[in-house]
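Only one structure is covered here, and it is reproduced in the block below.
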Amino acid sequence: MLITVTTTHQPATDLGYLLVKHPDRVHTFGMPTGTAYVVYPEADTERCTAALLLDIDPLALSGARTRRGGSGRGGNPTPDGFTLGQYVNDRSYAASSLLSSALSTVFRSALRGNSKDRPELAATAIPLELRVPALRCRGGAELTEKLFAPLGWTVTAVPIPLDPSRPDWGDSRYVDLTLTGTLRLADALNHLYVLLPVLDDAKHYWVAPDEIDKLLRAGAGWLAEHPERGLITRRYLAHRRALAGAALARLAEQRLADEPADPDSIVEAPDCGADEEAGLPATVDRQPLAALRRAAVLAALDSSGATRVLDLGCGGGALLTDLVKNRRYTEIVGTDVSSRSLTVAERRLRLDRLPPRQRERIKLWQSALTYQDDRLRGYDAAVLMEVVEHLDPPRLPALEAAVFGHARPETVVVTTPNVEYNVRYPGLAAGAFRHTDHRFEWTRAEFADWTGAVGAHYGYAVTISGVGADDPEVGSPTQLAVFTRTAPNPTPQPTDLGDAR
Ligand code: SAH
């Protein structure tokens with residue numbers, strides 16, 4: 001197994017400082033599954049290449065498996081039992097999770113971006129070429145492109161024929177991968193560390209819960225925004241659904257980057273939507289817009305006749321406190337991807353002080369709206385108050401599938417800002433959104449398009465209204481849609497499932 005790292009940054013031999021491996025020597029590391037070597041096939045000031053070679057000992061590999069299996073830590077049985085496959089397989093030759101483990105052992109400080117001798121260079125993007133001549137790849141050469149291109153790499157993946165003398169046999173499962181780009185060395189190594197086992201899609205050690213931490217650490221700064229983060233996370237965590245779900249929720253949480261780090265400070269923080277009142281002209285009855293919005297949502301729920309309701313993306317629980325006061329709601333569920341928001345909601349609702357009968361009406365669940373969650377099925381109504389605009393537009397189809405296709409309540413109430421109204425906020429710069437975490441804000445026409453398309457696709461009738469002062473030119477500050485289910489179950493197929501399972 002071989003991987004090479006080349007730079008033309010000058011002096012190129014500085015690569016030795018970044019990797020903490022002197023170019024003039026052969027470096028040897030004992031690994032649980034064999035021996036790793038670092039050598040430099042070329043090292044001059046113009047161009048320098050470091051090669052990591054992993055020499056797998058099939059006996060050590062099978063021994064490592066047996067030992068792990070016997071330790072009782074994992075639950076997975078040895079994949080191929082006591083067969084010859086343990087000793088005679090492609091593990092010795094193809095890049096895989098074993099190479100990834102070797103990377104993390106051999107280049108530990110470089111992976112963390114540390115360099116005692118060249119700290120500035122470690123923090124600088126430099127021209128790099130990575131090559132993995134025999135990479136086992138489930139999903140073919142196209143998948144390498146999908147995984148590496150969004151990270152800034154130019155990808156060349158050449159499929160390796162099964163037998164060069166028999167072209168009619170077609171290609172093997174291996175590609176010769178070359179990545180070129182200008183990146184920080186630490187980022188480059190972390191990309192490989194995560195994506196090699198993802199491409200291989202067959203992890204060779206037990207997937208323990210601390211794998212989530214490893215993944216999030218190695219994926220810091222790039223995984224949360226990666227368009228294939230769902231596939232990467234599921235494959236990296238060896239398709240263990242519970243682990244992948246937890247990891248994805250934490251990634252989604254990372255994306256809500258503007259949340260305060262100190263849990264106490266968010267108790268004081270305004271709910272999303274409350275800050276937009278900063279420069280707001282007097283609203284109807286001088287009530288703040290957030291209160292008007294909650295009143296409009298409650299009125300819509302009331303006229304739907306719902307008694308069991310979901311507040312999806314409940315945040316700090318402002319609406320939940322209103323719902324709890326009304327006895328008609330026999331079951332109230334607040335969900336959010338952010339555990340910190342749920343903690344705030346719990347405190348605000350004073351759940352610990354409620355009598356048991358009251359306490360039983362309320363549930364708070366951590367759940368990501370872009371993933372189908374069976375717990376959310378069978379409710380009368382769901383509210384998405386000021387939530388959709390927090391999702392990247394390409395993730396909306398996944399939310400639609402999860403809410404309208406899978407949870408499928410009879411009524412869905414959605415509110416979102418009307419971007420046309422923003423010109424009426426004196427404090428808001430032209431073109432700025434009302435909240436730093438908003439990924440978009442819609443005009444009235446855009447909201448009508450979206451609600452119409454979703455309603456038509458999933459079988460819901462839609463009525464749209466405005467909340468707050470109705471300005472003759474730009475409309476109301478908040479748009480509200482009530483979706484009422486017209487089509488019976490079963491669920492229509494979504495157009496684009498995205499990552500939704
Ligand atoms: N509905 C509340 C909070 C709105 S702020 C209110 O109106 O006061 C938006 C909320 O959506 C945040 O709490 C955020 O954590 C949550 N959110 C954003 N993306 C989400 C996702 N993919 N899944 C679940 N919740 C999400």
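General remarks:
- Only one of the numbered conditions (1) over 28 Å from the mean Cα position of the chain (by Cα); (2) within 18 Å of LEU199 (Cβ to Cβ) is violated by ASP117, and that is (2).
- Some residue of the stretch 20-33 being at pLDDT 95 or above and closer than 24 Å to VAL175 by Cα: no
- The set of residues in the stretch 310-333 that are in a loop (DSSP other than H, G, I, E, B) and more than 9 Å from the ligand (Cβ to nearest atom) comprises ASN326, ARG327, ARG328, TYR329, THR330.
- Residue check for ASP258: more than 16 Å from the ligand (Cβ to nearest atom), modelled with pLDDT under 50 and either in contact with a strand residue (DSSP E or B) (Cβ under 6 Å, 6 or more places away or on another chain) or closer than 28 Å to HIS435 by Cα (or both): no
- Among the numbered conditions (1) outside any loop (DSSP other than H, G, I, E, B); (2) of a type outside the set (Asp, Glu); (3) surrounded by fewer than 24 Cβ atoms within 10 Å (Cβ to Cβ); (4) modelled with pLDDT of 95 or more, the only one that THR416 does not meet is (3).
- Residue ID - nearest to the ligand (Cβ to nearest atom), chosen from residues in the stretch 355-373 that are surrounded by fewer than 18 Cβ atoms within 10 Å (Cβ to Cβ) and farther than 17 Å from LEU243 by Cα: LYS363
So that you can scan it fast, the table gives a plain yes or no per residue for (1) assigned to a helix (DSSP H, G or I); (2) within 10 Å of the ligand (Cβ to nearest atom); (3) buried (at least 23 other Cβ atoms within 10 Å of the Cβ):
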position	(1), (2), (3)
ARG375	yes, no, no
TYR379	no, no, no
ALA401	yes, no, yes
PRO409	no, no, yes
VAL412	no, no, yes
GLU420	yes, no, no
VAL423	yes, no, no
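- Residue in the stretch 157-170 that is over 25 Å from the mean Cα position of the chain (by Cα) and within 24 Å of THR8 (Cα to Cα) present: yes
The values are calculated or read from the model by the stated rules, or taken from the named source; none is laboratory data. No experiment lies behind these values; they were computed from the predicted model shown. A quick note on method: Cβ atoms are made from the backbone with ideal geometry, for glycine too, and the neighbour counts reach across all protein chains shown.
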